[in-house]
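Asker: Can you keep this structure in mind? I'll have questions shortly.
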Amino acid sequence: MTDILTLERTLLGAIAAAADEAALEAVRVSALGKKGSVSELLKTLGSMTPEERREKGPLINGLRDRVNAAIAARKAELEEAALAARLAAERVDVTLPLQEGPQTRGRIHPISQVIDELTAIFADMGFSIAEGPDIETDFYNFTALNFPPGHPAREMHDTFFLPPDEKGERKVLRTHTSPVQIRTMLGQKPPIRVITPGRTYRCDSDQTHTPMFHQVEGLVIDKSSHIGHLKWILEEFCKAFFEVDQVKMRFRPSFFPFTEPSAEVDIQCSRKGGEIRFGEGDDWLEILGCGMVHPNVLRNCGLDPDEYQGFAWGMGIDRIAMLKYGMPDLRPFFEADVRWLSHYGFRPLDLPTLAGGLSA
Ligand code: DAH
């Protein structure tokens, strides 16, 4: 009798002390398993006399029932505690901002974006892309473009010269993308319709000039293209690029050695409140130079000016990027400051297309 009571106290103590479900299971096996202490007691009932069994039977069965009940209760308690602990540990604060992965944090530089935009626009008009080297010879950068040796127009370009080579020739960092016109005309037969975006260099630095900058040249050569086509192309480009329905342009007579006649083009804008807007206002802003390709340039490329004619233009990419996206200073474009890039840069998957929107 006292044995049964002692065993019960011991078992109930062990059940209460079981810290987790594994410990509880060990107690259960030690009591109710095949060789468990309670099971052994139950086995003794078979060899008892009927009187003994009548007396001990209820005690031993009672012990088994209470141990079973205590185990079930402790099990429920442990399960509830485990669930509560898990809920506390795995709690998610849904108000926390999402952590962006590197793919979504990366940004496209505004220059790359604008080159993609203008490529989309001119590709739609049937232009292809032509390229040339950044390090040019004097011939491609000047002479073939009808800058005679010693001509003062050469001085206007603030050229970076490389040290003379073994033949005494001084290569230059190209001062404009116009040498690619020469390379294109020498390399392919008209009809020609190309744009040539690329890096250009001049010894100059202030808020709107950097020693390295970008231009896009356009060149159309065939037997009949004239200045009316040039005006239309430039107007369509400006409307598409600046995403406005109307844009007024002004062609001012100018001089470039490689075009005749030559013009500089201004677009109408308003500067109210320090903000530049296109398609309205009564101010003008210069954005490009253009003209009909000079007969000497055609001749320098082996084309007969009595048969072929065409036009060209050159535009500052950095300039139109600053205008379109409201960036007041050119210098940070090339400082590789990730804070500037994450502010002004573009999302990698927002590819500019005419159908899907250029900058939307
Ligand atoms: N190359 C000129 C510059 O850098 C820009 C230019 C003007 C290009 C007239 C042209 C053009 O093709 O026709 O100042």
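Taken together, the values in this text are just the output of simple stated rules run on the coordinates, not laboratory data. Predicted model only: the values in this text are computed from it and were never measured. Neighbour counts are summed over all protein chains in view; Cβ atoms, including those assigned to glycine, are modelled from backbone coordinates with ideal geometry.
Asker: Compute the relative contact order of the range 259-314 as a whole-number percentage, counting only Cα pairs closer than 8 Å that sit 6 or more residues apart in sequence.
Answerer: 35 percent
Asker: If you line up the long axis of helix 21-32 against the longest principal axis of the chain, both from Cα atoms, how many degrees apart are they, to the nearest 10?
Answerer: It works out to around 20 degrees.
Asker: OK, next. How many angstrom lie between the Cα centre of the range 38-63 and the Cα centre of the range 317-343?
Answerer: 93 Å
Asker: Gaussian network model of the chain, Cα springs within a sub-10 Å range: biggest mean-square fluctuation belongs to which of Val67, Val92, Val265?
Answerer: Val67
Asker: Counting pairs of alpha carbon atoms under 8 Å apart in space and at least six apart in sequence, what relative contact order in percent does the range 109-344 give?
Answerer: In percent, rounded to a whole number, it is 20.
Asker: In deg cm²/dmol and to the nearest 500, what is the mean residue ellipticity at 222 nm of the chain if only DSSP H runs of at least 4 residues count, each as -39500 (n - 2.57), divided by the residue total?
Answerer: Calculated mean residue ellipticity at 222 nm is -13000 deg cm²/dmol.
Asker: Please determine, in degrees from 0 to 90 and to the nearest 10, the orientation of helix 110-124 with respect to the longest principal axis defined by the Cα atoms of the chain, where the helix direction is its Cα long axis.
Answerer: For helix 110-124, the angle is close to 60 degrees.
Asker: Please compute the Kirkwood hydrodynamic radius over the chain, one decimal place, Å, based on all pairs of different Cα atoms.
Answerer: Here the Kirkwood hydrodynamic radius works out to 27.1 Å.
Asker: Just to be sure I follow the rule: in the chain, considering lysines 8 or more places apart or on different chains, how many pairs have Cα atoms under 27 Å apart?
Answerer: Taking the Cα cut-off of 27 Å, the pair count is 20.
Asker: Also: I'd like the orientation of helix 50-89 relative to the chain: the angle between its Cα long axis and the longest Cα principal axis, in ° from 0 to 90, rounded to 10.
Answerer: Helix 50-89 and the main axis of the chain meet at about 20 degrees.
Asker: What's log10 of I(q)/I(0) for the range 2-89 at q = 0.17 Å⁻¹, Debye sum over Cα points only, no solvent?
Answerer: Debye output, listed in q order: -0.71.
Asker: Now for a different question. At most 11 other Cβ atoms within 10 Å plus a DSSP loop assignment makes a site exposed; report the longest stretch of the chain without any exposed trypsin sites (Lys or Arg not before Pro).
Answerer: 224-360
Asker: Longest span of the chain, sites excluded, free of GluC sites (Glu not before Pro) in DSSP loop with at most 15 other C-beta atoms within 10 Å?
Answerer: With a cap of 15 other Cβ atoms within 10 Å, the longest stretch comes to 1-89.
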